[in-house]
Amino acid sequence: MALEAAVKAAVGAPDLIGDCPFSHRVLLTLEEKKLCYEVHLINLSDKPSWFLEVSPGGKVPVVKFDDKWVSDSDVIVGILEEKYPEPSLVTPPELSSVGSKIFDAFVKFLKSKDANDGSEQALLEELKAFDEHLKAHGPYVAGDKVTAVDLSLAPKLYHLDVALSHFKNWSIPKELASLIAYKELIFARESFVKTKAEPKYVIAGWEPKFPSCSIDQKMAIEVAVKAAVGAPNVIGDCPFSQRVLLTLEEKKVPYKLHLINLSDKPIWFLEVSPEGKVPVVKFDDKWVSDSDVIVGILEEKYPEPSLVSPPEFSSVGSKINGAFVKMLKSKDPNDGSELALLEELKALDEHLKAHGPYVAGEKVTAVDLSLAPKLYNLDIALGHFKKWIFPVNLNSLSKYKELLFARESFMKTKVAPEHVISGWEPKVNAAAEPVISDSEPKVNAAAEPVISDSEPKANAVAEHVVSDSEPKAIEVAVKAAVGALDVIGDCPFAQRVLLTLEEKKVPYKWHLIDLSDKPSWFLEVSPEGKVPVAKIDDKWVPDSDVIVGILEEKYPKPILATPPEFSSVGSKISGAFVKFLKSKDPNDGSEQALLEELKALNEHLNAHGPYVAGEKVTAVDLSLAPKLYHLDVALGHFKKWIFPENLTSLSKYKELLFARESFVKTKAAPEHVISGWEAKVNAA
């Protein structure tokens, strides 16, 4: 019997969760306790009659317990804790009021018109006090475990971030490091990602309450950029448009966005941009095209913060985009286009080693804002169309991308992966030269001018076709990453199946399944909701052991069968790893038990390696590889545990496995392994 919860619907989007932090608190509690519930989204400007009967005051949230509707988030959360005590979310009484004054201080500052009224300072004092508490007691308010007070604060801090950034161009000071780390932890939790309102709906919710806080649209710069293919109300895949938006965001310049359908350009747009090019920006009643020119004018008109790149660094990485496009459109794997791209990426990596973390050192500059969208397009397009994985040995460049992609300016202006793919698809399929310039003549979407700086969500189920040349690719359903539904998740059994398909060069199509919201078609083919499942000869088959066995039988070359005497080598490692990972007692012997299993595998490899059965990789290696990867990532993160250096044969074995092309293509990113284990570790 699912609980029923009535919460606020988004302003202007009645089928999406709205911006009420108290509703969000209740949903977070339901999610953290893994309770089944049904959401009723209430349009507060047109409340349905049934809702007014159960909530005469018209307030949200309200939750139905035992045929009785209960209001007030404090009361609701208390009842949930009493009725569903596991996992416990009770906050120790002495910590229950931590951070309780932040929200009021935020609201006062938000609505303030007087820069000298002390409201900003009052908010800073509350945030500093909270930061000090977290330094002493964190990472959460009550220590290592999330409790009710965190679930109350999380939505309020989210509103603070979004609303003050939009209306005041204000952000939490970087020196409040413990608070910033706390926000990152909370906002990354699966429960939060699933229940948060999109930033634009938080803004829309606050705007009518404090219209005086709204940006004066007469003062806002107007920017025309590409709309997404098939999604006219979101930003499209032009890296030059994003470069301009990144510059505006970094300089905190207010702007109004016009999303342009480049295949059916509106008349007003053609009047201001006769060649139909994007981006174009309106400065002092004059529309200006070309991202280089636009960025130059922005630097001149808004010199603070300076984004000028030192002249000697202004061309760093400038050949990457051309090399990427050539490889993307290439039909010949031996034409040298991949090698040419790798050379350009290596050159940037070497530069960053010497001068990083950014191109010009510690500070982001214009050259970084030009490179960021191009590297993002590279990652997504080559990953999708070429099944190409960014080289793991380019450590400085990988870190550079992480830094850029995590910047608030990038998060607010990036294009959803599916829109990057749809933008490239007709060019790649046509084997034509993609036009990558400020004049991109592509897209089919219709849009009206909108003010928007939010990003769209990825689809709940993503597909990836590994080979279009085979008429009958095997279909495989695998776990999607927690909070990143368009990339592979952290299931080692799913990866085992993908490794087998890759090693046997069998064409396949994957379906990425959100295990927290399983699609109906998936539950029909996998009634227990488990992954992996593979469709072989029109029949869906579960269980990685069974799937791998069938693949070996149907596709005997190359042989991956493990000699029977070696088939159970290392089989106890995963169980020992999990016990140690979940252990709270350093003296319970779980670490020693894991070490014994690892030593046994190391001894076996000393005698029989480099792989379990000798010189050739076999099925047992493909089973062990994902588990050892999880062991490395999860124990390193949650236990600060380092793999023993004296297990040299096992260390070499891991290096061999993790460097195989099949593994690089199918592994989950470390952050997704961590997010997958987090709930289990915290519940232990």
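The values are calculated or read from the model by the stated rules, or taken from the named source; none is laboratory data. Given the structure is predicted, the values throughout are model-derived calculations rather than measurements. Methodologically, a virtual Cβ is constructed for each residue, glycine included, from the backbone with ideal geometry; neighbour enumeration extends over all protein chains shown. Just so you know, the surface numbers come from the protein's heavy atoms only, side chains and all, with ligands and any DNA or RNA stripped out. Shrake-Rupley method; radii C 1.70, N 1.55, O 1.52, S 1.80 Å.
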> Okay, helix-only estimate at 222 nm for the chain: each DSSP H run of n ≥ 4 adds -39500 (n - 2.57), divide by all residues, round to 500 deg cm²/dmol; what do you get?
Replying inline: -14500 deg cm²/dmol
> Could you give the radius of gyration (one decimal) and Dmax (whole number) of the Cα atoms in the range 83-193, in Å?
Replying inline: 14.4, 48
> Which of the listed residues, Ala360, Pro507, Pro232, is farthest toward the dipole's positive end in the chain, when Lys, Arg count +1 and Asp, Glu count -1 at the beta-carbon?
Replying inline: Pro507
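How would you classify the range 79-143 from its alpha-carbon gyration tensor, with a ≥ b ≥ c the square roots of the eigenvalues: rounded for a/c under 1.5, else prolate if a/b is greater than b/c, otherwise oblate?
Details: a/c = 4.28, a/b = 2.00, b/c = 2.14.
Oblate, because a/c is 1.5 or more while a/b does not exceed b/c.
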>> Counting C-alpha atoms alone, how compact is the range 598-684: give Rg to one decimal and Dmax as a whole number, in angstrom.
In response: 13.7, 41
> So how strong a dipole does the range 568-621 carry about its Cα centre when Lys and Arg Cβ are +1 and Asp and Glu Cβ are -1, to the nearest 20 debye?
Replying inline: 160
>> How much accessible area per residue does the chain have, counting only protein heavy atoms and a probe of 1.4 Å, in square angstrom?
In response: 46
>> Rolling a 1.4 angstrom probe over the protein chains, ignoring ligands and nucleic acids, what is the accessible area of His355 in square angstrom, nearest 10?
In response: 80
> Once you put a point 7 Å from the Cα of Ile79 and another 7 Å from the Cα of Asp67, both along the Cβ direction, what distance in nm separates them?
Replying inline: 1.4
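Would you rank Glu86, Glu671 by solvent-accessible area, highest first, keeping every protein chain in place and using a 1.4 Å probe?
Working: Glu86 140, Glu671 105 Å².
Solvent-accessible surface, decreasing: Glu86, Glu671.
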> Can you flag which of Lys504/Lys535; Lys33/Lys68; Lys33/Lys135; Lys346/Lys479; Lys479/Lys627; Lys346/Lys386 are past 25 Å Cα-Cα?
Replying inline: Lys33/Lys135; Lys346/Lys479
>> Can you give me the solvent accessible area of Thr500 with a 1.4 Å probe, rounded to the nearest 10 Å²?
In response: 10
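Using the beta-carbon distance between Ile559 and Phe658 and R0 = 30 Å, what value does 1/(1 + (r/R0)^6) give for FRET efficiency, to the nearest 0.05? List each step's numbers first, then the result.
Details: r = 23 Å, r/R0 = 0.75.
With R0 = 30 Å, the Cβ-Cβ based efficiency is 0.85.
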> For the range 167-269, what's the radius of gyration and Dmax over Cα atoms, in angstrom?
Replying inline: 16.8, 51
>> For the chain, report the % of Cα-Cα distances exceeding 38 Å.
In response: 42
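Of all accessible surface on the chain at a 1.4 Å probe, what whole percent is carbon and sulfur? Please report the intermediate quantities before stating the final value.
Working: 16510 of 31360 Å².
So the carbon and sulfur contribution to the accessible surface is 53 percent.
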> Applying 1/(1 + (r/R0)^6) with R0 = 41 Å to the Cβ-Cβ distance of Glu271 and Glu175, what FRET efficiency is obtained, to the nearest 0.05?
Replying inline: 0.25
>> If amide hydrogens are placed 1.01 Å from N in the peptide plane, which non-local residues have theirs closer than 5 Å to the one on His40?
In response: Ala5, Ala6, Val7
> Using alpha carbon centroids, what distance separates the range 544-577 and the range 633-684, in Å?
Replying inline: 20
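Please compute the contact order of the chain in relative form: average sequence separation of alpha-carbon pairs under 8 Å and at least six residues apart, divided by the residue count, as a percent.
On the way: 1015 pairs, mean separation 67.8, N = 684.
This gives 10 percent for the chain.
Once you sort the root eigenvalues of the Cα gyration tensor of the range 254-357 as a ≥ b ≥ c, which label holds: rounded (a/c under 1.5), prolate (a/b larger than b/c) or oblate (the other case)? Write out the running numbers ahead of the final one.
Working: a/c = 3.62, a/b = 1.38, b/c = 2.62.
Because a/c hits 1.5 or more and a/b fails to exceed b/c, the range 254-357 counts as oblate.
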> Considering every pair of different Cα atoms, what Kirkwood radius, in Å, is found for the range 483-583?
Replying inline: 15.4
> What is the set of long-range amide H partners of Ala480 at a cut-off below 5 Å, with H atoms built 1.01 Å from backbone N?
Replying inline: Gly489, Ile513, Asp514, Leu515
> Normalised by the number of residues in the range 578-661, what is the relative contact order in percent for Cα pairs under 8 Å and 6+ residues apart?
Replying inline: 34
>> Below 22 Å, Cα to Cα, which lysines can Lys277 reach? Residues fewer than 8 away in the same chain don't count.
In response: Lys226, Lys256, Lys265, Lys286, Lys374, Lys414, Lys427, Lys442
> So how exposed is Glu312, as accessible area in Å² (1.4 Å probe, rounded to 10)?
Replying inline: 130
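Working with all protein chains in place, sort Asp19, Asp290 by solvent-accessible area computed with a 1.4 Å probe, largest first. List each step's numbers first, then the result.
On the way: Asp19 5, Asp290 60 Å².
If we order Asp19, Asp290 from most to least accessible, we get Asp290, Asp19.
Eigenvalues of the Cα gyration tensor times 5, then square-rooted: what semi-axes does that give for the range 542-591, in whole angstrom, largest first? Intermediate results must be reported in sequence, preceding the final value.
Values: eigenvalues 230, 33, 8 Å².
Each semi-axis is √(5λ); the values are 34, 13, 6 Å.
Take the Cα gyration tensor of the range 113-169, multiply each eigenvalue by 5, square-root it, and list the three semi-axes largest first, rounded to whole angstrom. List each step's numbers first, then the result.
Numbers: eigenvalues 128, 41, 12 Å².
Ellipsoid half-lengths, sorted descending, are 25, 14, 8 Å.
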> Among Lys640, Lys128, Lys353, what's the order by accessible area (1.4 angstrom probe), most exposed first?
Replying inline: Lys640, Lys353, Lys128
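With 18 Å as the limit, write out which pairs from Lys8/Lys518; Lys530/Lys579; Lys64/Lys209; Lys111/Lys282; Lys584/Lys640; Lys505/Lys616 have Cα-Cα distances beyond it, or answer none. Each step should come with its number before you reach the end.
Numbers: Lys8/Lys518 24 Å; Lys530/Lys579 22 Å; Lys64/Lys209 29 Å; Lys111/Lys282 29 Å; Lys584/Lys640 14 Å; Lys505/Lys616 16 Å.
As for pairs spanning more than 18 Å Cα to Cα, those are Lys8/Lys518; Lys530/Lys579; Lys64/Lys209; Lys111/Lys282.
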